[in-house]
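Notes follow once the structure below has been shown.
FYI, it's all coordinate maths here, none of it is from the lab. Quantities reported herein were computed from a predicted structural model and do not represent experimental measurements. As a convention, Cβ positions derive from the backbone with ideal geometry for all residues, glycine included, and neighbour counts pool all protein chains shown.
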Amino acid sequence: MATAAGLWVASGGKIDFATDHNPVHIIVLGSLESWYVKDLRRAAAGRHIITPHTFRGLASNLSPSSLDVLSGDGELLSADAVLVRTMPPGSLEQVVFRMDALGRLHEAGLVVVNPPRAIETAVDKYLATAKLRAAGLDVPPTWCGQLADDALRAFAQLGGDVVVKPLFGGEGRGITRISDPALAERAFRMLEQLGAVIYLQPFIEHEGFDLRLLVVGRRVLGIRRRSATDWRTNVSRGAVAEPLEVTEPLVELARRAADAVGAPLAGVDLLPAKDGRLYALEVNGVPGWQAVARTWNIDVADLVLKLLESCCG
């Protein structure tokens, strides 16, 4: 049911908004000087404590009587909630330890947004695509493997015009379109030699824009990201953000996608193809909101804080 402030309380097992909470101590895992830390502090207006920490500073003490998860001189278990704002690159050991530390915080009762399992799912393009497919969303035909010869066969089966994506990563980094068989062979063999996973999808003809739907609890906001010069439509690559009317069908798709990976805070990317199909490309488990807030002149940071308040309630 709705509160007097027009926000929503929890219903049906979903995380929604509520009001009138005590001050919450929120750890923001990301850059110490990021725009998002400043925006959250502005929105908190002193009613909550916002403390930034970095993933590189994470450490843990284990003893027979206690478990401590630390960052710098801060004890993270003393906070009420952790907001994961980025997932920086690192070695396999570093990434596994970071996720393990988040898992320990989550199991100790801290609110972690997004939950560790949701972040692990969203950051892995293959797993996220499989989850979206299982949830009934329309995903592009996808091939994922390790051997160059297998990838060359998949390249032909996918029409000889593919998009090669790193399994991990975002904001369009490392994404390449290949339509030449000789270049495909060179690229796939290099990736095999590097020990990389080769992730291929056919290039989908589109009108130069995609849709970013930002899910905050059960609230869904949207922008259209348009580029006149690049087939990649990330704002970080120069695309222009435009207001998008979020219809009920788009709301339903966004919620299904976010629920598929278990993320109460998610950026869902949809691509309208020229043939009329609407493809779910990925779910960002550490979504930014700067472009959405600027485009709609909406205080998204306040919505994020209310989401955390509800989780801590």
Here the gain from full extension of residue 251 to residue 182, 0.36 nm per residue of separation minus their alpha-carbon distance, amounts to 20.6 nm
For the pair residue 189 and residue 97, the simple spin-label estimate (label points 7 Å beyond Cα toward Cβ) gives in nm 3.8
Between residue 277 and residue 73, Cβ-based FRET efficiency (R0 51 Å, step 0.05) works out to 0.45
The extension gain from residue 161 to residue 207, computed as 0.36 nm times the residue separation minus the Cα-Cα distance, is 14.8 nm
Between residue 126 and residue 242, the FRET efficiency computed from the C-beta separation at R0 = 30 Å comes out, to the nearest 0.05, as 0.45
Ranked by GNM mean-square fluctuation in the chain (Cα springs under 10 Å), the top entry among 183, 58, 211 is 183
Between the Cα axis of helix 35-44 and the main Cα principal axis of the chain, the angle (0 to 90°, nearest 10) is 40
Count of lysine pairs, the chain, Cα-Cα under 25 Å, sep. 8 or more residues or interchain, comes to 9
Quick calc: nm separation of the 7 Å Cα→Cβ label points for residue 297 and residue 86 -> 3.1
